[in-house]
Amino acid sequence: MNAPARGLMLAVVVLATGCAPRRPPDTAPAAPLTLKQAFARAFLVGAALNQAQFSGQDTAGARLAVEQFNAVSPEDALKWERLHPRLGGYDFSMADRYVAFGEQHHMFVVGHTLVWHNQTPSWVFQDAGGRPVSRDTLIARMRDHILTVVGRYRGRVNGWDVVNEALDDDGGMRRTPWDSIIGDDYVAMAFRFAHEADPSAQLYYNDYSVENAAKRQGVVALVRRLQAEGVPVAGIGIQGHYRLDFPTLEQLDSTITAFFGLGVKVMITELDVDVLPRAVRQTGADVALRAAARPELNPWPVALPDSMQQGLARRYADLFRVFLKHAGEISRVTFWGVTDAGSWRNRFPVPGRTNYPLLFDRQGKPKPAFDAVLRVARERAEPSNR
């Protein structure tokens, strides 16, 4: 049969049936199998890597990270205590391997974190006699650290968490050694030093519990003040250390809206969901706050019950529906870890617990929560199927 005849027959079929011929099943698009595929048109999906994963010791974890994610953050490799443990003494061995891993796999590379009150050696804030250093001395030490670290990875690290957790829960400045010695303007200084070291890098402020109104308002006020002073703030990181009951979806929604309204990027930077009973660390009581001494705080040492697995899946699905609602406002969602086995939630705030906060179990297998998140992505891609 010649081409015109085939075309005529096709037209007759269409007119007779009232519909176009269906595409053969083998040409239908495959459902996305990875997180980075599922959300490719919405935002980057990242994970925080530990040393074993980016150094090649944990090959299974590294393989899973490369398969599922297109952005990486370092759990510890770029924190001050690892990079700069002694006055005048830097150790870039692990940081170099982390950055090279991200580059090798064409990932968006995040630097975490330049200025924080935790995991910073005491020598940074003290003189040889253990007394607090002067304002000028601490400014000089901060500047040297930021220019050295950011300068080393200029053009290679795409974005930096410049200042981490500078605010208290009431939205005021946290009384850290940075603030008490330098003053509130240490935040602006840190951003300016980072911009000086790499003008092309994105610079972020990062904090937790910002879904609470007081702290959210504090972040908004801080960023507005920095913007008014001409400080180059590119984005705000919402850490996302969540529970099954916190934050509410309304709190999360309004927080994203408020931050995006400042004209900056918004990111979920350290996402996990704690499913274990709440435990609050108290000064002087930490020794007793251990899983061995408090077994009621560690109810599922072997496996998570199916009812809890399903609850975790529903929680992640709800969170990702909010993230997708703000797909034009959120640039990245990063999980704080790759699998449950390596999560910090197993050791904080109670050492020795067995927690289940991520999408992949201790063997690196996808959990019901992973499937639920992919279903949310398909809901958006195929709205008529809802």
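Do we find a residue being over 15 Å from the mean Cα position of the chain (by Cα) and over 22 Å from Leu114 (Cβ atoms) anywhere in the stretch 231-243? So far as the stretch 231-243 goes, yes, one or more of its residues are over 15 Å from the mean Cα position of the chain (by Cα) and over 22 Å from Leu114 (Cβ atoms). Going residue by residue through the stretch 275-292, is there one that turns out to be under 23 Å from the mean Cα position of the chain (by Cα), surrounded by 12 or more Cβ atoms within 10 Å (Cβ to Cβ) and acidic (Asp, Glu)? No, that holds for no residue. Scoring Ser384 on the criteria (1) outside any helix (DSSP H, G or I); (2) more than 29 Å from Val264 (Cβ to Cβ); (3) at pLDDT below 95 leaves a single failure, condition (1).
Just checking, does the stretch 218-236 include any residue being modelled with pLDDT of 95 or more, farther than 26 Å from His145 by Cβ, of a type outside the set (Gly, Ala, Ser) and surrounded by fewer than 16 Cβ atoms within 10 Å (Cβ to Cβ)? Yes: one or more hits.
Here is a yes/no grid of residues against (1) at pLDDT 95 or above; (2) closer than 28 Å to Tyr205 by Cβ:
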site	(1), (2)
Met267	yes, yes
Ala285	no, no
Ala291	no, no
Pro305	yes, no
Met308	yes, no
Ala313	yes, no
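Arg174 meets each of the listed conditions (1) in contact with a His (Cβ under 9 Å, 6 or more places away or on another chain); (2) surrounded by 22 or more Cβ atoms within 10 Å (Cβ to Cβ) apart from (2). The residues of the stretch 124-142 that are touching a residue at least 40 places away in the same chain (Cβ under 8 Å) and not in a helix (DSSP H, G or I), listed by number, are Phe125, Pro132, Val133, Ser134.
Can you confirm whether Gly328 is buried (at least 23 other Cβ atoms within 10 Å of the Cβ) and part of a loop (DSSP other than H, G, I, E, B)?
no
The values are calculated or read from the model by the stated rules, or taken from the named source; none is laboratory data. Bear in mind that the values here come from a model prediction, so they are computed numbers and not experimental data. Positions of Cβ are backbone-derived with ideal geometry, glycine not excepted, and every protein chain shown enters the neighbour counts.
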